[in-house]
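The values are calculated or read from the model by the stated rules, or taken from the named source; none is laboratory data. Note that this is a predicted model, so its numbers are computed, not measured. When we count neighbours, we look across all protein chains shown, and the Cβ atoms used for this are built from the backbone with ideal geometry, even at glycine.
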Amino acid sequence: MHNFMESIAIPTAALVFSLLIFSGFVAFSGNNVLEVLAAIYQGAFGSWFSWQNTLVRAAPLMLTALCTALPARSGLIIIGGEGAMVVGGLCATLTGISLNGLPPFFVISSMACSGVLSGGAWIAAVGALKHYRNVNETISSLLLNYIAIAILNFLILGLLRDPATLNKPSSFPIGDANMLGTIGTTSIHAGLIFGLVVCGLLWFVIRRTTFGFSIDMIGGNIRAAQISGLAVGKLIIITCFLGGAAAGLAGMIEIAAVHGRANTSLNAGYGYAGILVAFIARYNPLAIIPVAILLGGIRASSGLLQRSFDLPDATTLVLQGIIFIVILASGAVYGRLNWFKPKGDSP
Amino acid sequence: MNTVSPYVLEAINISKRFGELIALDNVTLKLRAASVHALLGENGAGKSTLVKCIMGYYQPDVGEVLFGDRQQAITQPHDALLLGIGMVYQHFTLIPNMSVAENIILSRPRLPLIIHWRKEMAELKRRMQGMPFQIPLDAPITSLSAGEKQKVEIIKQLLLNTKVLILDEPTSVLTPTEADEVLGKIQTMSREQHLSVLIITHKFREVMNFADEVTVLRKGRYVGSARVDQVSPPILAAMMVGHEIINTPLQRIPTTNPRPLLKIADLKVTDDAGVTALTGLSLSVNSGEIVGIAGVSGNGQRELMQVMAGQRAAHSGSITVNAEAYTASRAQMRRHKFHCLPEEPLRNACVASMSVADNLAFRRFDRPPFAVHNGLLNRKAITQRAKELIHRFAIKTPGPSTPVGNLSGGNVQRTVLARELADEVDVLLVANPCFGLDFGAVADIHQQIMAARNRGTAVLLISEDLDEILELSDRLLVISNGKLVHETTPEHAELTTIGKFMAGH
Ligand SMILES: Nc1ncnc2c1ncn2[C@@H]1O[C@H](COP(=O)(O)OP(=O)(O)OP(=O)(O)O)[C@@H](O)[C@H]1O
Ligand SMILES: [Mg+2]
């Protein structure tokens, strides 16, 4: 029980502490702290309109967070969500462009498949490098991010470039017919449903299946997994594949639900923010959902801050960065707080 | 000890509960200055918990700790260190890829912000001369044997000007010779340098030879204290378990038509550093036979075990089980009923953060009734079976859902034993199965291994305890420098010959 308390109390305290530091930053820039904080709340959760904005941003975060959270359960720290998302989005765009004209349902499904497969393969490669050649997974996944972004730029500035796009070079569009719709009368696109379903599904896989059990064994103690005869390498690669597939799906959704074509909006930092979401959620796929909504809210409030206070666009990124560092530091506190230690009858 | 010295450390009426489980119930322990005090008790009796309460690692629910007549608020190990109470824990706490010197210097409770390494090293070298053991200061920890690591742990504490030294099973990973050396030096230091030592051990020999006083715990309760010259091992044993001990001798049933189950041919293996650890090792084990491999630790035993358990790849050579090439895959382990009791079970065979029930399920979680519909876990069945095994193998745990890392050392061992021996076993691999177990548990494990052999299991027993090998084996091999250098049977064994081969002459 105290474990559960701890895993809620510590991130909450860390978030509050981050807000304090952020307040110092705001005060330094000459703004009224309370007004800015109120505006962030307003821009994130203050109205139905801001809720919609928040949820639209939360959807890809849920998926990219899984790209860090799943491999982390098997003991790998992977920060390649950004790259997997770019690759997934890019391959989905290619699929969309080449199948344009066929029945939309078929095109959209094919785009989803190619996003999932390419993103999965991208991160599976990281797992394979780790297992077979003992290449550090954190570094290789980071480098793969740069490679993915380079490929994206290469294609949208060259082969795929739509000459009609002048100030923001982009690929040819996938076609309006092939766009994912919104939910009901809202501006929330179907990507949110994907995010929720995939998080729920993977939570189930981790908690209830023998596969999830094996992954926890490997992450907990690889020697114990080996002595039980588990195919450690194969399982690690599959886990990486699943994580990458989620991020690849996020890329496909950004294309098919928001941008309609591939451009640099694909690497807007959802992949990196996803790492933060995964850390705060302590790699639990269900906990990822509320955390992604929270972070999505912070991102959504950025526009309002810019308009009302003339604060730069990067302000919310500063807040995000502060949270990141405080959360990382708070990891050292787990299991050390006296008031969570087993005392009398509540261990 | 001729004159009775005053108490330096007193733990009075300590009680400690973990949830439902009462780990300590009103226990008192008094340690005299300049003496060696032994703390005895079965696995799970609460010895480690008691010393962790003294160190401030746990807070006792009731009771107080007096240090030099004054009640001291020790709320964390740091406080204890500053008072001059140092502890060597049951598991090594050294940082493996740092050097001996770095480990020692970094362990100081008050480190300056910037470490002046050259000055520190010079100081350390000077002070090492007064130490009972000498260890090369620049050696990385990974290159040390268990005995040397234990010495580093002790030196680490002594260099902090410790007045009270607490040792939790310091000798369970040492050979008898190493243990005698370490304890002998500590005994001398306690007399000459006014060091007070509290030592937890399972070995009566060590209590009788090196301690002045002894305190016995049983199931979390205080049983009694005595001067060592007034007790004897049988008395201590009876105090520990609460009744007379009846030793049932091992029953060895002659094996009918043995067939070779396990064959190793020309196995070559390199260790972590890339150095050859096994240089072409061959052996075979028949059904209903225990083959013991004796040797000084660090002669390739660990690597042999790791290869067989699937934790390390062989360089060349072959392992055959039941006339089939063996690759340590899960399917093969199941088909050949191949099971393993590795040394250091918490490190090698358990996931500390997972529950006892989960750890007990590692062999069978993916088979019915624990897995249903191709891959869904049946938690109920897992818990149910855990309850059975906990009962059958007398594992002391608050419940099946307790993380296995919270169990006492001996009970972690029992958990692995239960998992590996509960079902039918054809090939059993055992390495140092009795490290850290109380005498009752040792007898019990020996019975279990012998019973498995009598049922037709082929047992390969790797142990650094020669007595254990002589007692259990049908055939005895000596390993030295990664090679088998001698073969004999316990009846024909000559200790001097074996000793010579073990030493590599
Ligand atoms: N952190 C904990 N949470 C729950 N139970 C615990 C915890 N630590 C110890 N226990 C339980 O308390 C009891 C006493 O454990 P302790 O480690 O003190 O035994 P011990 O006498 O040192 O045994 P051993 O000789 O096997 O090391 C055991 O039953 C153990 O399962
Ligand atoms: Mg103990």
Exercise for the section: Check whether at least one residue in region B:352-371 is under 30 Å from B:K268 (Cβ atoms), out of contact with any strand residue (DSSP E or B) (no Cβ under 7 Å at 6 or more places or on another chain) and modelled with pLDDT under 90, and report yes or no. Expected result: no
Practice task
Report yes if some residue within region B:390-408 is within 16 Å of ligand 2 (Cβ to nearest atom), buried (at least 20 other Cβ atoms within 10 Å of the Cβ) and small (G, A, S); otherwise report no.
Solution key: yes
Fill in the blank from the handout: Only one of B:I14, B:I22 is in a strand (DSSP E or B) and near ligand 1 (Cβ under 9 Å from one of its atoms), namely B:I22
Problem - Residues of region B:56-70 satisfying the condition of being within 14 Å of chain A (Cβ to nearest Cβ) and more than 8 Å from ligand 1 (Cβ to nearest atom) - result: B:G56, B:Y57, B:Q59, B:P60, B:D61, B:V62, B:G63
Handout entry: Qualifying residue in region B:85-92 (condition: surrounded by fewer than 17 Cβ atoms within 10 Å (Cβ to Cβ), of a type outside the set (D, E) and either within 16 Å of ligand 1 (Cβ to nearest atom) or in a loop (DSSP other than H, G, I, E, B) (or both))
Key = yes
Practice task
Examine region B:189-203 for a residue that is out of contact with any strand residue (DSSP E or B) (no Cβ under 9 Å at 6 or more places or on another chain), within 16 Å of ligand 1 (Cβ to nearest atom) and more than 14 Å from chain A (Cβ to nearest Cβ), and state whether such a residue exists.
Solution key: yes
Exercise for the section: Kindly list, by first and then second residue, each pair from a residue in region B:322-348 that is under 16 Å from B:M305 (Cβ atoms) and at the interface with chain A (Cβ under 7 Å from one of its Cβ atoms) to a residue that is among the polar types (S, T, N, Q) and crowded, with 21+ Cβ neighbours inside 10 Å, limited to pairs with Cβ atoms under 6 Å and residues at least 6 apart or on different chains. Expected result: B:P342/B:N348
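Yes/no matrix, rows are residues, columns are (1) farther than 24 Å from B:A451 by Cα; (2) at pLDDT below 90; (3) surrounded by 13 or more Cβ atoms within 10 Å (Cβ to Cβ):
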| position | (1), (2), (3) |
| --- | --- |
| B:V216 | yes, no, yes |
| B:R221 | yes, no, yes |
| B:L236 | yes, no, yes |
| B:H243 | yes, yes, no |
| B:T248 | no, yes, no |
| B:L261 | no, no, yes |
| B:L267 | yes, no, yes |
| B:T270 | yes, no, yes |
| B:S284 | no, no, yes |
Practice task
Consider B:T248 carefully, then state whether it is in a loop (DSSP other than H, G, I, E, B), touching a residue at least 40 places away in the same chain (Cβ under 8 Å), closer than 28 Å to B:A23 by Cβ and more than 16 Å from ligand 1 (Cβ to nearest atom).
Solution key: no
Exercise for the section: Output the residues belonging to region B:373-395 that are at the interface with chain A (Cβ under 10 Å from one of its Cβ atoms) and of a type in the set (A, V, I, L, M, F, W, C). Expected result: B:L376, B:L377, B:I382
Practice task
Scan B:L428, B:L437, B:L476 and give me the residue that is surrounded by 18 or more Cβ atoms within 10 Å (Cβ to Cβ), more than 16 Å from ligand 2 (Cβ to nearest atom) and more than 14 Å from chain A (Cβ to nearest Cβ).
Solution key: B:L476
Handout entry: Filter result for B:V51 (at pLDDT 90 or above, away from ligand 1 (no atom under 16 Å from the Cβ), away from chain A (no Cβ under 14 Å) and surrounded by 14 or more Cβ atoms within 10 Å (Cβ to Cβ))
Key = no
Exercise for the section: Could you please give the count of residues in region B:170-181 that are within 16 Å of ligand 1 (Cβ to nearest atom) and either within 14 Å of chain A (Cβ to nearest Cβ) or surrounded by fewer than 22 Cβ atoms within 10 Å (Cβ to Cβ) (or both)? Expected result: 1
Handout entry: Hey, B:E102 of a type in the set (D, E), crowded, with 18+ Cβ neighbours inside 10 Å and away from ligand 2 (no atom under 16 Å from the Cβ) or not
Key = yes
Completion exercise
Sole miss for B:I95 among (1) outside any helix (DSSP H, G or I); (2) over 27 Å from B:L198 (Cβ atoms); (3) not small (G, A, S) is condition (2)
Exercise for the section: Within region B:197-211, identify whether any single residue is among the acidic types (D, E) and surrounded by fewer than 16 Cβ atoms within 10 Å (Cβ to Cβ), and answer yes or no. Expected result: no
Practice task
Would you check which residues across region B:132-168 are part of a loop (DSSP other than H, G, I, E, B) and surrounded by 16 or more Cβ atoms within 10 Å (Cβ to Cβ) and list them?
Solution key: B:P132, B:F133, B:I135, B:L137, B:L144, B:L159, B:L160, B:T162, B:K163
Practice task
Would you check if there is a residue in region A:258-275 being within 14 Å of chain B (Cβ to nearest Cβ), in a loop (DSSP other than H, G, I, E, B) and among the small types (G, A, S)?
Solution key: no
Handout entry: Hey, B:H116 farther than 27 Å from B:S35 by Cβ and away from ligand 1 (no atom under 16 Å from the Cβ) or not
Key = yes
Exercise for the section: For region B:38-72, enumerate the residues that are of a type outside the set (S, T, N, Q), more than 16 Å from ligand 2 (Cβ to nearest atom) and either touching a helix residue (DSSP H, G or I) at 6+ places or on another chain (Cβ under 7 Å) or closer than 21 Å to B:I155 by Cα (or both). Expected result: B:G56, B:P60, B:V65, B:F67
Handout entry: Cβ pairs under 6 Å, 6+ apart, first in region A:204-232 and more than 8 Å from chain B (Cβ to nearest Cβ), second basic (K, R)
Key = A:I215/A:R73; A:G219/A:R73
Fill in the blank from the handout: In the set B:A73, B:A34, B:A80, the lone residue that is more than 12 Å from ligand 1 (Cβ to nearest atom), in a loop (DSSP other than H, G, I, E, B) and under 29 Å from B:F435 (Cα atoms) is B:A34
Practice task
Return yes or no: is A:S187 modelled with pLDDT under 95 and surrounded by fewer than 16 Cβ atoms within 10 Å (Cβ to Cβ)?
Solution key: yes
Handout entry: All positions within region B:353-366 that are within 26 Å of the chain's Cα centre (by Cα), surrounded by fewer than 24 Cβ atoms within 10 Å (Cβ to Cβ) and within 7 Å of chain A (Cβ to nearest Cβ)
Key = B:S353, B:M354, B:R363
Exercise for the section: Name the one entry in B:V197, B:V214, B:V223, B:V207 that is within 10 Å of B:L39 (Cβ to Cβ) and assigned to a strand (DSSP E or B). Expected result: B:V214
